[in-house]
Amino acid sequence: MKRIRNNEAIPIADIPKTSFASFLDQLEEVLDDSSEVLACFVANKPAKTGNEDLELLTLIGCPATNDIAVFRCDLASSYPALTCRWPQFHLFEREIAEQFGVTPEGHPWLKPVRFHQVWQGSRDAWGRNVQQHPLVGDMEYFQVAGDEIHEVGVGPVHAGIIEPGHFRFQCFGEIVLHLEISLGYQHRGAEQLLSGGPHAATACQMETLAGDTSVGHMSAYSQILESLSGQQINRNARALRVIGLELERLANHVGDIGALAGDVGFLPTASFCGRIRGDYLNMTAHLCGSRFGRGLVRPGGTLFAVDEALQTKLLDVINQTTKDTLGALNLFFTAPSVLSRLEGTGAITRDNARDLGLTGVAGRACGLDTDSRRLYPSLASTAEHPLLCGETGDVFARAHVRRLEIDAATAIVRKKLAGLTSGPLKENVNPPRPEMLAVSLVEGWRGRITHVALTDGQGKFNRYKVVDPSFFNWSGLAMSLRNQQISDFPLCNKSFNLSYCGFDL
Amino acid sequence: MLSIVRERLRQGYRTSSFPKTEPVLSERFRGLPHIDRSICQEKCPDCGLNCPTEAVSRQGGKAVIDLGRCLFCADCSACSHGALSFTQDYRLAVQTRQDLLLSGEILTLAKALEKEMLALFGRSLKLRQVSAAGCNACEADTNVLGTLVFDLGRFGVQFVASPRHADGMLVTGPVSENMHAALMSTWAAIPSPKLVIAAGACAISGGPYRNSPKVHNGIEDLLPIDLYIPGCPPHPYTILDGLLRLLNKRK
């Protein structure tokens with residue numbers, strides 16, 4: 001085991017490689033009540049054909065020490081599932097099983113994640129034909145039996161303008177006993193496309209891993225390349241990244257509260273916020289020409305300068321927009337008819353949130369301190385972030401945390417905008433160093449974005465792992481529906497507002 | 001109640017007067033590409049060399065930009081001599097794949113539907129939206145047309161919840177293998193005659209995921225397309241402009 005900081009790169013050789021048994025012993029020592037499973041994946045070597053020498057990489061976030069423990073060990077074609085002991089591993093183990101045909105013995109919920117063929121080898125964890133693309137959604141769903149039980153299936157294509165996914169509700173009357181969410185419809189093979197990179201299309205793929213989190217994922221990728229080359233970016237470029245991230249947070253949080261208002265039939269806030277979200281997106285467009293921040297962030301810095309005129313203009317716009325936002329939010333959070341629909345709906349306990357590794361707004365709404373800006377400050381980071389949490393873990397708490405974060409993000413944008421000075425925008429980034437591992441954690445608007453890169457002997461990506469916050473949080477949505485009315489599903493869903501393609505990659 | 005009315009008065013009427021007046025976009029907005037012919041040399045070997053989607057190529061000595069592939073990158077590297085730039089022109093929607101190949105100054109924008117189709121859909125067009133591995137940017141900037149700023153309903157266009165209620169389909173995303181069947185079923189469920197709109201580089205050509213073994217490079221080979229809307233993602237006004245041209249509400 002080796003401890004590293006956020007945005008740090010180390011030679012792979014510095015991480016001692018152990019047996020699986022000794023990995024388990026070390027894991028036992030590191031994992032405590034506050035630690036988070038950041039990533040767990042097979043660092044595959046495409047050159048080799050069989051599945052004989054798989055190597056498992058595990059990254060555990062340790063908030064107590066503000067660093068990340070990296071483990072490297074051998075992995076056999078079957079092994080005792082980690083999920084049984086630490087539930088946060090549950091999706092990572094399913095993912096590994098799907099990609100490499102490795103079986104985690106005793107896994108309580110071993111089903112495909114994205115429905116694709118194995119990446120290498122000739123073994124499928126479910127005994128399917130490895131030569132054929134599996135049928136998406138073809139798996140055994142959990143079913144509740146009984147005379148008065150009925151099942152409701154929704155999707156993949158949904159009723160609105162939204163990404164596809166399949167939901168199955170097991171209902172007793174109006175009450176949902178269990179919701180199972182089966183995704184994979186959006187799978188574009190993103191991680192595999194990154195192998196052997198960076199390629200010409202890598203940057204645009206990063207900005208579209210989850211298109212509403214372009215700045216988040218691009219920041220993580222840029223920081224990976226910067227740490228792999230051993231470079232630091234200048235103060236202005238750092239500030240602009242923060243501004244981009246916070247505008248992304250503002251646009252989405254405001255939009256989400258508008259969507260919640262729409263779902264409870266409170267139309268004033270629904271229509272105000274729908275427009276105000278666009279005002280934040282347009283601020284990002286003033287910076288870089290794209291409402292989604294495409295092109296704002298690049299490895300080495302940023303492409304766009306902010307001169308005094310633009311600085312003044314943006315400060316004016318944010319002042320006006322903040323007024324409109326607060327007006328819309330105050331109406332929403334003071335209307336008793338709204339609050340009675342939010343309070344107690346879709347609640348998740350703190351223990352469940354911890355077990356599932358919920359991140360971002362969803363985790364903080366349950367009272368967990370999950371802000372990676374607080375927990376894993378990078379070497380260059382100097383900013384301090386307050387702990388913004390809810391308590392009740394319900395739709396209200398998720399809306400409330402968003403409201404707190406809207407205030408905090410507004411203050412950050414104002415401060416960073418005012419502090420911009422003229423200076424260089426971007427430095428040329430040297431090619432990545434060979435045989436290195438780099439990790440970058442970015443607190444995107446949905447939660448923690450984790451990128452991990454391993455380079456080969458030529459400095460190309462041997463493996464690039466992406467963990468979008470939605471990877472953890474979809475399980476939270478499923479859990480929040482337990483014993484709720486099925487008619488509350490839209491409200492619960494909006495209170496999470498998760499990414500399908502960020503999960504499906 | 002009074003506080004709601006007060007807030008409504010304070011926030012004011014915010015629906016844009018488009019298409020009567022042109023929208024004001026950000027100064028850095030990247031619209032219709034422009035090739036500076038004084039720089040672009042006939043036998044230049046570097047044409048489109050670093051373009052991530054191979055959108056720029058040389059055809060018959062002339063540089064041609066395929067708007068169906070172009071991602072409008074801020075750091076466009078397709079011409080290392082600086083002949084390529086982006087204008088502020090947001091009007092990009094066209095009717096044929098061929099029209100997306102831009103070699104001169106003028107883009108042949110979409111024309112109104114034929115008489116018979118226009119009589120059916122000109123005053124009321126109901127669309128079903130299918131995201132087939134779209135990243136949620138095209139989806140979000142389509143969804144935004146429903147907000148009070150754009151107020152799509154005033155043009156008689158509406159996104160509906162069932163293909164049975166629809167006159168056409170607006171597709172986003174490169175079409176993942178896993179969405180292929182659902183996309184085709186949705187298309188089959190829409191009563192004829194029907195329209196297909198490809199919104200965004202992914203739906204037209206695969207976009208950044210072009211040639212990934214897990215995607216179909218958009219709907220070009222799968223469905224007959226009536227309107228192509230380029231962009232990554234297209235600006236809401238680009239989408240709206242395209243829809244209005246199709247419905248003969250803008251020329």
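Among the residues of the range B:124-133, is any of a type in the set (S, T, N, Q), open to solvent by less than 30 Å² (accessible area, probe 1.4 Å), in contact with a strand residue (DSSP E or B) (Cβ under 6 Å, 6 or more places away or on another chain) and facing chain A (nearest Cβ under 10 Å)? Yes: one or more hits. Could you tell me whether any residue of the range A:14-37 is touching a Pro at 6+ places or on another chain (Cβ under 7 Å) and of a type in the set (Val, Ile, Thr)? For the range A:14-37, residues touching a Pro at 6+ places or on another chain (Cβ under 7 Å) and of a type in the set (Val, Ile, Thr): absent.
Every residue, every condition in (1) of a type in the set (D, E, K, R); (2) over 24 Å from A:Phe292 (Cβ atoms); (3) free of Cβ contacts under 8 Å to residues at least 60 places away in the same chain; (4) not in a helix (DSSP H, G or I), yes or no:
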| residue | (1), (2), (3), (4) |
| --- | --- |
| B:Gln158 | no, yes, yes, yes |
| B:Met179 | no, no, yes, no |
| B:Val196 | no, yes, yes, yes |
| B:Ser212 | no, no, yes, yes |
| B:Leu222 | no, yes, yes, yes |
| B:Gly231 | no, no, no, yes |
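Of the strands (runs of 3 or more DSSP E) lying entirely inside the range A:425-500, not one carries at least 3 residues that are surrounded by fewer than 22 Cβ atoms within 10 Å (Cβ to Cβ) and in contact with a Gly (Cβ under 6 Å, 6 or more places away or on another chain).
Being closer than 23 Å to A:Arg291 by Cα and either open to solvent by 30 Å² or more (accessible area, probe 1.4 Å) or in contact (Cβ under 8 Å) with a residue 40 or more places away in the chain (or both) is a description that does not apply to B:Thr147. Can you find a residue in the range A:19-36 that is under 27 Å from A:Gly300 (Cα atoms) and out of contact with any strand residue (DSSP E or B) (no Cβ under 7 Å at 6 or more places or on another chain)? Within the range A:19-36, not a single residue is under 27 Å from A:Gly300 (Cα atoms) and out of contact with any strand residue (DSSP E or B) (no Cβ under 7 Å at 6 or more places or on another chain).
Considering each residue of the range A:296-318, count those that are in contact (Cβ under 8 Å) with a residue 40 or more places away in the chain and either of a type outside the set (A, V, I, L, M) or assigned to a helix (DSSP H, G or I) (or both), and give that number.
Step one: filter the range A:296-318 for residues in contact (Cβ under 8 Å) with a residue 40 or more places away in the chain, giving A:296-307, A:311, A:314-315, A:318.
Remaining after also requiring either of a type outside the set (A, V, I, L, M) or assigned to a helix (DSSP H, G or I) (or both): A:298-302, A:304, A:307, A:311, A:314-315, A:318.
Qualifying residue count, the range A:296-318: 11.
Annotation: of all residues in the range B:51-80 being touching a Cys at 6+ places or on another chain (Cβ under 7 Å) and among the aliphatic types (A, V, I, L, M), the one that is nearest to the other protein chains (Cβ to nearest Cβ) is B:Ala74. B:Lys249 meets all of the listed conditions (1) at pLDDT 95 or above; (2) closer than 18 Å to B:Gly122 by Cβ but one, namely (1).
Which is under 20 Å from A:Val215 (Cβ atoms), open to solvent by 10 Å² or more (accessible area, probe 1.4 Å) and not basic (Lys, Arg), of A:Asp263, A:Asp307, A:Asp279, A:Asp316? Outline the logic, then answer.
On the way: A:Asp263 fails: under 20 Å from A:Val215 (Cβ atoms); A:Asp307 fails: under 20 Å from A:Val215 (Cβ atoms); A:Asp316 fails: under 20 Å from A:Val215 (Cβ atoms).
Just a single option satisfies the conditions, and that option is A:Asp279.
Residues that are at pLDDT 95 or above and either over 24 Å from A:Tyr221 (Cα atoms) or β-branched (Val, Ile, Thr) (or both) within the range A:28-38 comprise just one, A:Val37.
Listed by first and then second residue, the pairs with beta-carbon distance under 9 Å, at least 6 apart or on different chains, first residue in the range A:133-162 and within 14 Å of another protein chain (Cβ to nearest Cβ) and in a loop (DSSP other than H, G, I, E, B), second among the β-branched types (Val, Ile, Thr) and surrounded by 15 or more Cβ atoms within 10 Å (Cβ to Cβ), are A:Pro156/A:Val136; A:Val157/B:Val130; A:Val157/B:Thr186; A:Ala159/B:Val160; A:Ile161/B:Thr142; A:Ile161/B:Thr172.
Any idea which residue in the range A:358-384 is surrounded by the fewest Cβ atoms within 10 Å (Cβ to Cβ), counting only those that are in contact with a strand residue (DSSP E or B) (Cβ under 8 Å, 6 or more places away or on another chain) and modelled with pLDDT under 95?
Step one: of the range A:358-384, the residues in contact with a strand residue (DSSP E or B) (Cβ under 8 Å, 6 or more places away or on another chain) are A:359-360, A:370-373, A:375-376, A:378-379.
With the extra rule that they be modelled with pLDDT under 95, the set shrinks to A:370-373, A:375-376, A:378-379.
Details: A:Thr370: 30, A:Asp371: 22, A:Ser372: 25, A:Arg373: 18, A:Leu375: 23, A:Tyr376: 26, A:Ser378: 18, A:Leu379: 10.
Ranking the candidates gives A:Leu379 first.
The rows are residues; the columns are (1) in contact (Cβ under 8 Å) with a residue 12 or more places away in the chain; (2) buried (at least 21 other Cβ atoms within 10 Å of the Cβ); (3) of a type in the set (Phe, Trp, Tyr); (4) touching a helix residue (DSSP H, G or I) at 6+ places or on another chain (Cβ under 7 Å).
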position	(1), (2), (3), (4)
B:Ala55	yes, yes, no, no
B:Gly61	yes, no, no, no
B:Val64	yes, no, no, no
B:Leu84	yes, yes, no, no
B:Thr96	yes, no, no, no
B:Asp99	yes, no, no, no
B:Leu109	yes, no, no, yes
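Within the range A:322-337, count every residue that is open to solvent by less than 30 Å² (accessible area, probe 1.4 Å), in a helix (DSSP H, G or I) and within 11 Å of chain B (Cβ to nearest Cβ). Give the derivation first.
Step one: filter the range A:322-337 for residues open to solvent by less than 30 Å² (accessible area, probe 1.4 Å), giving A:322, A:324-325, A:327-329, A:331-333, A:335.
When the remaining residues are screened for being in a helix (DSSP H, G or I), the result is A:322, A:324-325, A:327-329, A:331-333.
Imposing the further condition that a residue be within 11 Å of chain B (Cβ to nearest Cβ) reduces the set to A:324-325, A:327-329, A:331-332.
Residues in the range A:322-337 being open to solvent by less than 30 Å² (accessible area, probe 1.4 Å), in a helix (DSSP H, G or I) and within 11 Å of chain B (Cβ to nearest Cβ): 7 in total.
What number of residues within the range A:455-504 satisfy the criterion of being closer than 23 Å to A:Cys40 by Cα, without any contact (Cβ under 8 Å) to a residue 24 or more places away in the chain and not charged (D, E, K, R)? Break it down stepwise before answering.
Initial filter on the range A:455-504 (closer than 23 Å to A:Cys40 by Cα): A:455-457, A:459-479, A:498-504.
Now restrict to residues that are without any contact (Cβ under 8 Å) to a residue 24 or more places away in the chain: A:456-457.
Now drop any that are not not charged (D, E, K, R), which leaves A:457.
Qualifying residue count, the range A:455-504: 1.
This table checks each residue for (1) among the aromatic types (Phe, Trp, Tyr); (2) at positive phi; (3) modelled with pLDDT under 95; (4) touching a Leu at 6+ places or on another chain (Cβ under 6 Å).
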position: B:Gly173; (1), (2), (3), (4): no, yes, no, no
position: B:Leu195; (1), (2), (3), (4): no, no, no, no
position: B:Asp226; (1), (2), (3), (4): no, no, no, yes
position: B:His235; (1), (2), (3), (4): no, no, no, no
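Of the helices (runs of 4 or more DSSP H) that lie entirely inside the range A:185-284, those containing 3 or more residues that are at the interface with another protein chain (Cβ under 9 Å from one of its Cβ atoms) span A:190-194, A:202-206.
Kindly indicate whether A:Arg168 is closer than 20 Å to A:Phe503 by Cβ and open to solvent by 40 Å² or more (accessible area, probe 1.4 Å).
Spelling it out, A:Arg168 is indeed closer than 20 Å to A:Phe503 by Cβ and open to solvent by 40 Å² or more (accessible area, probe 1.4 Å).
The values are calculated or read from the model by the stated rules, or taken from the named source; none is laboratory data. Quick caveat, the model's predicted, so the values are computed rather than measured. All Cβ positions, glycine included, derive from the backbone under ideal geometry; neighbour counts span all protein chains shown. Areas reflect the complete protein model, heavy atoms only, side chains present, ligands, DNA and RNA absent. Shrake-Rupley method; radii C 1.70, N 1.55, O 1.52, S 1.80 Å.
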